[in-house]
Amino acid sequence: MSAEKRLQELGLLLPPAPEAKGLYRPVVIVGQWAFTSGHLSMDAEGRLLTGRLGADINIEAGQQAARWAGLNLLASLRQALGSLDQVRRVVKLTGFIQSTPDFQQHPAVLNGCSQLLADLFGTEAGIGVRSAIGASSLPLGAAVEVEALVEILP
């Protein structure tokens with residue numbers, strides 16, 4: 001099924017693709033690969049979801065932040081590719097979770113983004129390898145930042 005049609009079926013509206021906050025490109029395409037920069041946890045109104053897991057926010061709020069970061073990443077991919085139907089598969093997802101030193105549920109938080117990608121692209125194409133990494137701080141105080149490597153159609 002078309003990822004664009006699946007997006008509609010899921011009732012998901014992508015936010016506007018976020019503009020770069022520094023000297024970088026949100027997406028770079030090299031051959032059949034699209035590399036994304038880190039995308040922050042911003043909601044549909046462009047408000048940054050901030051906080052530190054293990055202190056200010058709970059796992060459920062962290063999962064929602066990861067989902068929003070994933071929606072922003074998808075918006076950038078759509079802008080760069082013209083359509084999410086150009087995505088063949090998610091190869092790698094990396095998530096950075098702002099957390100306290102003793103917080104250990106980073107994978108559970110990143111599931112908010114992973115589930116979004118699985119729902120959109122299916123379990124075969126939407127689930128790749130991943131890393132969930134704790135960070136003492138993230139840009140602008142974001143709760144979550146995600147980046148991906150996706151294989152695209154030729």
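Using a 1.4 angstrom probe, figure out how much accessible area the chain has per residue, in square angstrom, rounded to the nearest whole. Walk me through the numbers before you get to the answer.
Numbers: 7730 Å² over 154 residues.
With the other protein chains kept in place, the chain gives 50 Å² per residue.
Using just its DSSP H runs of length 4 or more, each adding -39500 (n - 2.57), the chain gives a mean residue ellipticity at 222 nm of -11000 deg cm²/dmol after division by all residues.
For the stretch 1-78, what value does the Rg/Rh ratio take when both radii are computed over Cα atoms and Rh is the Kirkwood radius, given to two decimals? Rg divided by Rh gives 1.01.
Using a cut-off of 14 Å between beta-carbons, work out the net charge of the residues near residue 72 (Lys and Arg +1, Asp and Glu -1, residue 72 not included). Could you put the intermediate results ahead of the total?
Values: positive: 21, 47, 67, 78; negative: 19, 43, 45, 145, 147.
My count for the surroundings of residue 72 gives -1.
When semi-axes √(5λ) of the Cα gyration tensor in Å is calculated for this entry, the matching label among (i) 24, 16, 14; (ii) 27, 19, 13; (iii) 42, 14, 13 is (i).
Specify the angular offset, from 0 to 90 degrees and rounded to the nearest 10, of the alpha carbon long axis of helix 59-81 from the longest principal axis of the alpha carbons in the chain. Once rounded, the angle reads 30 degrees.
Run through the stretch 10-107 and list the chymotrypsin sites (Phe, Trp or Tyr not before Pro) located in a DSSP loop whose Cβ has at most 10 other Cβ atoms within 10 Å.
For chymotrypsin sites (Phe, Trp or Tyr not before Pro) across the stretch 10-107 that sit outside H, G, I, E and B with at most 10 neighbouring Cβ atoms in 10 Å, the list reads 24.
Where the centre of each part is set by its Cα atoms, how far does the stretch 75-154 sit from the stretch 44-67, in angstrom? Each part's Cα centre sits 15 Å from the other's. In the chain, the sites counted are GluC sites (Glu not before Pro) in DSSP loop states with at most 16 other Cβ atoms within 10 Å, and the longest stretch holding none of them, exclusive of the sites, is 46-154. Taking all Cα-Cα distances within the stretch 95-136, those exceeding 15 Å account for 42%. With K and R counted +1 and D and E -1, the other residues having a Cβ less than 9 Å from that of residue 139 yield a net charge of 0. Taking the chain as a Gaussian network, where each spring joins two C-alpha atoms under 10 Å apart, which residue of 15, 139, 101 fluctuates the most? Maximum among the listed residues: 101. Charge tally for residue 6 (other residues, Cβ to Cβ under 15 Å; Lys, Arg +1; Asp, Glu -1): -1. Return the single residue from 58, 111, 72 with maximal mean-square fluctuation; model: Gaussian network over the chain, springs between Cα atoms under 10 Å. Between 58, 111, 72, it is 58 that shows the largest mean-square fluctuation. Within the listed set 23, 12, 116, the Gaussian network model of the chain (springs between alpha-carbon atoms below 10 Å) gives the highest mean-square fluctuation for 23.
The values are calculated or read from the model by the stated rules, or taken from the named source; none is laboratory data. Just so it is clear, the model here is predicted, and its values are computed rather than measured. Here Cβ is always computed from backbone atoms with ideal geometry, including for glycine, and neighbour counts include all displayed protein chains. What goes into the accessible areas is simple: the full protein's heavy atoms, side chains included, and nothing from ligands, DNA or RNA. Shrake-Rupley method; radii C 1.70, N 1.55, O 1.52, S 1.80 Å.
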